[in-house]
Amino acid sequence: MQKKDPPILITRPTLPPVEEYESLVRDIFASGYLTNGGAQHARLEAALAEKLSAPYLRLFTNGHLALECAISAFGFDGGEIITTPFTFISTTHAISRCGLTPVFCDVEPNYFTIDPAKIEEKITPRTRAILPVHVYGNPCDMDAIGAIAKKHNLPVLYDAAHAFGVTVRGRAVAEFGDASMFSFHATKCYNTIEGGAVICKDTAFAERLNGYKNFGYHPDEEIREVGGNAKMNEFQAAMGLLNLKYFEQNIEKRAAVSARYHKNLSGIDGLSFRPVPEGVQQNYAYLPVSFDPAVFGASRDVVFETLKSFGIIARKYFYPLSSEAACYKGAYSPEDTPVAFTASRRVLTLPMYPDLALSDVDDICEIVASCQR
Ligand SMILES: *Cc1c(COP(=O)(O)O)cnc(C)c1O
């Protein structure tokens, strides 16, 4: 097989027809209103609140600052937040940057989401909240997490960066917990170029989010919070409106790509797909496969390098664990979460985007299969 030129990257951002974007850009130019909650922003906020069944939805310039603002809006005065080390480092940094200490709980071996059976042993008098992550869009065991949170009177904030559009038994993921953060970064399955949102159930919480993303300002000119600047601008919102229009269509294409991977790679010893929890409608945001080196005969890293030699760029997602990051060195021992540690050494996410050609999927699968010894 020939090396792919141009290379096949892990993902490509979904883009609407450029003429449609131009048309909205013309509207923005005509309005002379670029940010601070203009017409596109208002339209997108309403459209997403409906799409995600949200009582209150607030837009942000990116997912990370959305998460920081959400943590701030709880008003904790220091303390610990129980979370998972098997996540994008943003989750961990958001907790730390808000002046709290991340406490890592191990993940469940099938879905790699936080293991509810191991949460309670992490609760101390300093615990302020639980911050689980819907890894690869697979929802956490939200009933179990909700029961623990209720018993200990702790709020739950979900990092739902991967879970746009995912439902569980017909219910949107953001219907669970006190608040959820979504990321609309260019690499996510729904994008606003950069962007994010927080969904919450409480009007006062939503008000505080407004403050944290805009220097603490409120319509009555009262400056109530020590807020920063995390507002979404009109050009981002316009992109979001158009991508929303094509979202379901893109999910169908992703589903076809996913089905092709499954067809090609099922039944290979030592290679496994992530199972999908019962009742879950997926968004096919990622295509994670795990390699058990003892059975497959080659490590994840060998598969990664082999794909790379053919111009195919997969991603070790998530590697390293948050608890291994150089900036947290000494504070944690990654072996304390052995399931997450093993997952970080075995998982490879393969290229996945709506317009990935099925013939390219076949080539990727052929190379992956050829690594088996
Ligand atoms: C992408 C991502 C974030 C951060 O979102 P941005 O929009 O890139 O700032 C946070 N958590 C997880 C799990 C993510 O994948």
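The values are calculated or read from the model by the stated rules, or taken from the named source; none is laboratory data. The shown structure was predicted, so the numbers you read here are calculated from the model rather than taken from an experiment. Neighbour counts run over all protein chains shown; Cβ positions are idealised from the backbone, glycine included. Just so you know, the surface numbers come from the protein's heavy atoms only, side chains and all, with ligands and any DNA or RNA stripped out. Shrake-Rupley method; radii C 1.70, N 1.55, O 1.52, S 1.80 Å.
The table that follows gives values for the structure above.
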| read-out | value |
| --- | --- |
| Candidates Thr35, Thr14 - the one that is under 20 Å from the mean Cα position of the chain (by Cα) and not small (Gly, Ala, Ser) | Thr14 |
| Matching helices (runs of 4 or more DSSP H) fully within region 291-373 where at least 2 residues are over 13 Å from Leu271 (Cα atoms) and touching a residue at least 60 places away in the same chain (Cβ under 8 Å) | 300-309, 338-346, 358-370 |
| Check on Ala255, small (Gly, Ala, Ser), surrounded by fewer than 17 Cβ atoms within 10 Å (Cβ to Cβ), within 19 Å of the chain's Cα centre (by Cα) and not in a loop (DSSP other than H, G, I, E, B) | yes |
| Qualifying residue in region 177-184 (condition: part of a helix (DSSP H, G or I), at pLDDT 95 or above and of a type in the set (Ser, Thr, Tyr)) | no |
| Subset of region 154-202 (residues that are within 15 Å of the ligand (Cβ to nearest atom), among the hydroxyl-bearing types (Ser, Thr, Tyr) and either closer than 15 Å to Ile251 by Cβ or crowded, with 24+ Cβ neighbours inside 10 Å (or both)) | Tyr158, Ser180, Ser183, Tyr190, Thr192 |
| Strands (runs of 3 or more DSSP E) lying entirely in region 1-108 (those with 1 or more residues that are closer than 22 Å to Gly165 by Cα) | 56-60 |
| Residue check, Leu57 outside the structural domain of Glu335 (by TED's automatic domain parsing), open to solvent by 40 Å² or more (accessible area, probe 1.4 Å), within 16 Å of the ligand (Cβ to nearest atom) and of a type in the set (A, V, I, L, M, F, W, C) | no |
| Residues located in region 264-290, provided they are in a strand (DSSP E or B) and among the aromatic types (Phe, Trp, Tyr) | Phe273 |
